[in-house]
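**Q** Supplied in structure tokens, the structure appears directly below.
Read-outs throughout are calculated quantities, based only on the coordinates presented, and are distinct from any laboratory measurement. Just so we're clear, the structure is a prediction, and the values are computed from it rather than from any experiment. Virtual Cβ from ideal backbone geometry, glycine too; neighbours counted across all protein chains shown.
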Amino acid sequence: MGETEEKPDFVFNRIGRRALGGFYYVGGMTLLLASAVTWTFRGLFTRRVSFRPQALAEQMIRVGVKSLGIVILVQTFIGIIIALQMEPALAEWGQQAMVSNIIGVAGFRMLGPIITAVVLSGFAGASIAAEIGTMVVSEEIEALEAIALNPVRFLVVPRVLATLIMMILLTVVADLMIALGGYVAALTVLGPTVHQGYWDRMSTQLMFSDFYTGLIMSGVFGLLISLIACHEGLQVKGGAEGVGKATTMTVVYSIVAIVMAAVVFTAIFYVFVWN
Amino acid sequence: MTLQPQSVATNQPEGEQPVIRVRDLVKTFDRRVLDGVNLDVHKGETMVIMGGSGCGKSTLLRHLIASLRPDSGGIELFGQDLIKLDHEQLDNVRRRFGILFQSGALFNSMTVGENVALPLREHTSLDDDTIDIMVRIKLELVGMRHAVHLMPAELSGGMKKRAGLARAIALDPEILFYDEPSAGLDPVTSAQIDQLMMDLAKKLGVTTVVVTHEMDSAFRIADRMAMLDKGRMLKVAPRAEFEAIRDADPTGDFTNDLIRQFLRGDSTGPLTSRRKNSGYEEDILDAAGM
Ligand SMILES: Nc1ncnc2c1ncn2[C@@H]1O[C@H](COP(=O)(O)OP(=O)(O)OP(=O)(O)O)[C@@H](O)[C@H]1O
Ligand SMILES: [Mg+2]
């Protein structure tokens, strides 16, 4: 086929195929979610299928402990950055004391959850995809099935639950670190107008809904990251190269999914909660 | 030239149902990999499946362990049609067979002991002490008791296979499947694995299905043999019949000559001439852009 004569319908075909691929992907993820939910409930409520709390604990340590340091570091810096960025603009209106209010709202509603999610998609998501992908390549998944152990129940459920729980816990830490980062910037650089009464202004500004909407979002992010990671891992084909690709795509898809979910939930909360 | 699969030789005396029954199994990936495969395996016998690389042996095995679903055709294990079973019934069947994968397929995040213990912990109500004893018995059987606390990454290829075998027999299966058990092993270790397979088959009466390339090993362990070629069952017959074909002179009969070439590992014969003739000129012309 010639290189220059690309027919227009060929382009549309390609777009169509992309869109179809997207539908299949979302469909596959939905099925995986449904299966994970089913196995979780079976684990909790039937006696024949044990819940395996030990596996859950293992995964929580693996997801949480590795990411904790980075979350603390990154989120403290985020707090410092917002404080330093906002203060000059607010100072023009003589409102530099409002730095604390802005950090509270931005941090608790959005930056805490979303940046923690990005960190976690790099740490937990990528490592889950690599781990499960390697298991696919080395026939371990087939071996699991052959001894009558369901891979979703055995691998996906503990990883999804662990990521969900740790994502929420880490977001609580993240929220506090952003606030603390802002306070550090105020203490060291911005002066007494900002740091005196910093915590009072923040707690008057913040409502409980700022806190829980952030945590709802972080739960959704955790679900997305872990489902994408497991899905990518289970789909690996063709050896080590496939594992590498799954790892990369997990991070890419996770970040896209996180941002899309953030838009949707922000819109929902804007209409129903924050007004 | 026609390569009709010969009728499945069932010279098993009993009128008993076969433990494994495959009928007209068809599976297509990019091309047709299994093309109407028929096979019966009877209780307690050792069936060796042979065939060239990529002819579909592992794919056939994956169908037998219900890891793949056929496009059409039937697979019965213990008289139950795998296609009609739901998840729970399938798991009940899975508990009655064990499989040794080509690579061993140990769970890399667990020790050898935990690998063997896993099916026992998940599928029996035995207490930890009993499971511990069972694990050591199974590992002793394959000569791996010293490795109980090692991680799979610390094992050699042969040790991985033996540990995989210990896991496969953890639940005392009625059928054992092996995918190339002696590939990549030295002759002595390979002979040990053969001996192990025969012990399990003969002493415990386990029905055994082995996929292998190693002809020495195949003739050592087989009761009956099956030759798969391009997704079709070329011949299923008792070992003696295959031995006779191997030792005879070329007859001009295409099927037998093909099998003979495979069994002897000759570099010339029907297998290779077929390979050479298929679309060679078209390929060359295609590559030249003509
Ligand atoms: N999941 C799959 N998707 C696509 N093609 C596959 C899949 N599994 C196997 N195949 C193809 O089917 C053919 C038969 O593969 P199979 O693994 O059964 O061969 P084999 O007889 O076991 O070969 P070997 O002796 O090399 O192990 C190969 O051409 C392979 O590329
Ligand atoms: Mg194979």
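**Q** Once you mark the GluC sites (Glu not before Pro) that are in a DSSP loop and have at most 14 other Cβ atoms within 10 Å, what is the longest gap between them in chain B? Mind showing how you got there, number by number?
**A** Details: sites that count: B:14, B:16.
Within chain B, the longest run free of exposed GluC sites (Glu not before Pro) spans B:17-290.
**Q** If you don't mind, there's one more thing I want to ask. Working out 0.36 nm times the residue gap between residue A:14 and residue A:92, then minus their Cα-Cα distance, what length gain in nm do you get to one decimal?
**A** Extending this stretch completely gives an extra 22.9 nm.
**Q** What spacing in nm lies between the two simple spin-label points modelled at residue B:213 and residue A:35, each 7 Å away from Cα in the Cβ direction?
**A** For residue B:213 paired with residue A:35, the spin-label model returns 3.2 nm.
**Q** For the residue pair residue A:271 and residue B:199, what label-to-label distance in nm results when each label sits 7 Å from Cα along the Cα-to-beta-carbon direction?
**A** Distance between label points: 7.0 nm.
**Q** Same structure again: Give the Rg (one decimal place) followed by the Dmax (whole number) of the protein assembly as shown, computed from C-alpha coordinates and expressed in Å.
**A** 30.5, 104
**Q** Okay, next question. Which FRET efficiency value, to the nearest 0.05, is calculated for residue A:77 and residue B:17 with the Förster distance at 45 angstrom and r the Cβ-Cβ distance? Let's see the in-between values first.
**A** Details: r = 71 Å, r/R0 = 1.57.
Efficiency computed from Cβ-Cβ geometry: 0.05.
**Q** In chain A, which helices (entire DSSP H runs) extend 20 Å or more along their own long axis, judged by Cα positions, while averaging at least 0.5 on the Kyte-Doolittle scale?
**A** A:8-45, A:53-91, A:157-185, A:208-234, A:239-272
**Q** A further question follows. When the expected Rg is taken as 2.2 N^0.38 Å, what fraction or multiple of it is the alpha-carbon Rg of chain A?
**A** 1.20
**Q** Report the paramagnetic label zone for residue A:189: residues of the stretch A:76-105 whose backbone N is under 13 Å from a point 7 Å from Cα along the Cα-to-Cβ axis.
**A** Residues passing the 13 Å test: A:77-89.
**Q** Between residue A:84 and residue A:45, take the C-beta separation as r, use R0 = 51 Å, and let me know the FRET efficiency to the nearest 0.05.
**A** Details: r = 52 Å, r/R0 = 1.01.
Computed FRET efficiency for residue A:84 and residue A:45: 0.50.
**Q** Which longest uninterrupted range of chain A lacks any GluC sites (Glu not before Pro) assigned by DSSP to a loop state (not H, G, I, E or B) and surrounded by at most 16 other Cβ atoms within 10 Å? If you can, show how the numbers build up before the last one.
**A** Numbers: sites that count: A:3, A:5, A:6, A:92.
Longest gap between qualifying sites, sites excluded: A:93-275.
**Q** Here is a further query. Under 15 Å from the Cα of residue B:161, which aspartates and glutamates turn up, not counting those fewer than eight places away in the same chain?
**A** A:139, A:140, B:140, B:179, B:180, B:186, B:194
**Q** Using square roots of five times the C-alpha gyration tensor eigenvalues, list the equivalent-ellipsoid semi-axes of the stretch B:93-150 in whole Å, biggest first.
**A** Whole-Å semi-axes of the equivalent ellipsoid: 17, 16, 11.
**Q** Just need the Rg to Rh number for the stretch B:82-195, please, alpha carbons only, Kirkwood Rh.
**A** Details: Rg = 14.2 Å, Rh = 14.5 Å.
Reported Rg/Rh, Kirkwood definition of Rh: 0.98.
**Q** Which links in B:138/B:160; B:138/B:202; B:27/B:235; A:66/A:245; B:84/B:203 stretch past 24 Å when you go from one Cα to the other?
**A** Details: B:138/B:160 14 Å; B:138/B:202 17 Å; B:27/B:235 19 Å; A:66/A:245 22 Å; B:84/B:203 33 Å.
Where the Cα-Cα span goes over 24 Å, the pairs concerned are B:84/B:203.
**Q** What's the FRET efficiency of residue A:70 with residue B:130 using the Cβ-Cβ distance as r and R₀ = 51 Å, to the nearest 0.05?
**A** Efficiency computed from Cβ-Cβ geometry: 0.70.
**Q** Below 10 angstrom from the Cβ of residue B:155, what's the summed charge of the other residues (Lys, Arg +1; Asp, Glu -1)?
**A** Residues close to residue B:155 contribute a combined charge of +2.
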